[in-house]
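Worksheet for the structure shown next.
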Amino acid sequence: MPATGRTVSAAVLLAIGAGLALLAVLVHYGFMAMYGDVTGSAFEGLTWGLAAGPSGLAFGVLLVVALIGLMLSTKLWMRLAAVAIPVLMLLGMFAVTPLALGQKMATQFVSAPQCVTQGTDEPMATADREAQQVFDSIEHIGQFKGGGMSGVAGCTRWFVLPGGVDVLQHYRTALPAAGWNVVEDDGRHLRAHLDGRAFDVMPCPGGGVIWAGSEDQRSYGQGRPELAGTEICPHDL
């Protein structure tokens, strides 16, 4: 191929590669904002996104385009650009990962557990209000998912938390400070009672789970047929 033709072909490939890199960064941002682990670091998010999301496929395609462009390049700046584009794409993904996780935290999590929802029928509505009063009386940690399990068996809500935080130790202090009496503490979960109401907390990988209900109920609705097989600690918080 004549030098001019190779130069034009390389320039076109580099332009396509730059466009693919920008698109890949935007796709990575959207993927992490929807599915990313908010408890992980930016580097962990990047590596997970490359392995589990469309980012890895985009990076592979871009490497092929950049390699062909490098082989066709006749000028030094083109060769440098062919090498720089994949590197800049990775740096861009790394930079937007914490922004995407921050967006997910803001849109999918709340700072306090919420049990009451509009339009709930009785007797579940009353049970939800009573559970909410329990949660409101205690100082919590972490960020809570908007959904969970609610009803006459109590209200269960999951929360995420960075590693290294002792969930049970926090509630060992917070519950007595709020007037609650800790009745169970076996190192795996903690249960407390107050005025006929009950509260339970259990650490989970990446966070934990809390439950509020009546003192005569089992925590997290355990033993109820409709909740058979339900995981207290799901694999993905």
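The values are calculated or read from the model by the stated rules, or taken from the named source; none is laboratory data. Everything quoted here is computed from the prediction, not taken from an experiment. Positions of Cβ are backbone-derived with ideal geometry, glycine not excepted, and every protein chain shown enters the neighbour counts.
The one condition from (1) loosely packed, with under 13 Cβ neighbours inside 10 Å; (2) within 18 Å of the chain's Cα centre (by Cα); (3) in a loop (DSSP other than H, G, I, E, B) that ALA112 does not meet is (1). The single condition among (1) crowded, with 19+ Cβ neighbours inside 10 Å; (2) more than 19 Å from the chain's Cα centre (by Cα) that LEU101 does not meet is (2). For region 158-199, the tally of residues that are assigned to a helix (DSSP H, G or I) and of a type in the set (Gly, Ala, Ser) stands at 2.
Total residues in region 102-130 satisfying the condition of being of a type in the set (A, V, I, L, M, F, W, C) and either under 19 Å from VAL167 (Cα atoms) or modelled with pLDDT of 90 or more (or both): the figure is 3. Considering only region 71-85, I want to know if a residue exists there that is surrounded by 17 or more Cβ atoms within 10 Å (Cβ to Cβ) and aromatic (Phe, Trp, Tyr). Checking region 71-85: not a single residue is surrounded by 17 or more Cβ atoms within 10 Å (Cβ to Cβ) and aromatic (Phe, Trp, Tyr). If the condition is being hydroxyl-bearing (Ser, Thr, Tyr), more than 30 Å from SER73 (Cα to Cα) and surrounded by fewer than 19 Cβ atoms within 10 Å (Cβ to Cβ), then region 1-38 contributes only TYR35. Only residues that are among the hydrophobic types (A, V, I, L, M, F, W, C) and closer than 16 Å to LEU80 by Cα were counted in region 9-47, giving 9.
For region 33-69, give me the residue count where each residue is farther than 30 Å from PHE144 by Cα and in contact (Cβ under 8 Å) with a residue 40 or more places away in the chain. Matching residues across region 33-69 total 6. Among the candidates GLY163, GLY196, GLY179, the residue that is under 30 Å from GLY102 (Cα atoms) and out of contact with any helix residue (DSSP H, G or I) (no Cβ under 8 Å at 6 or more places or on another chain) is uniquely GLY163.
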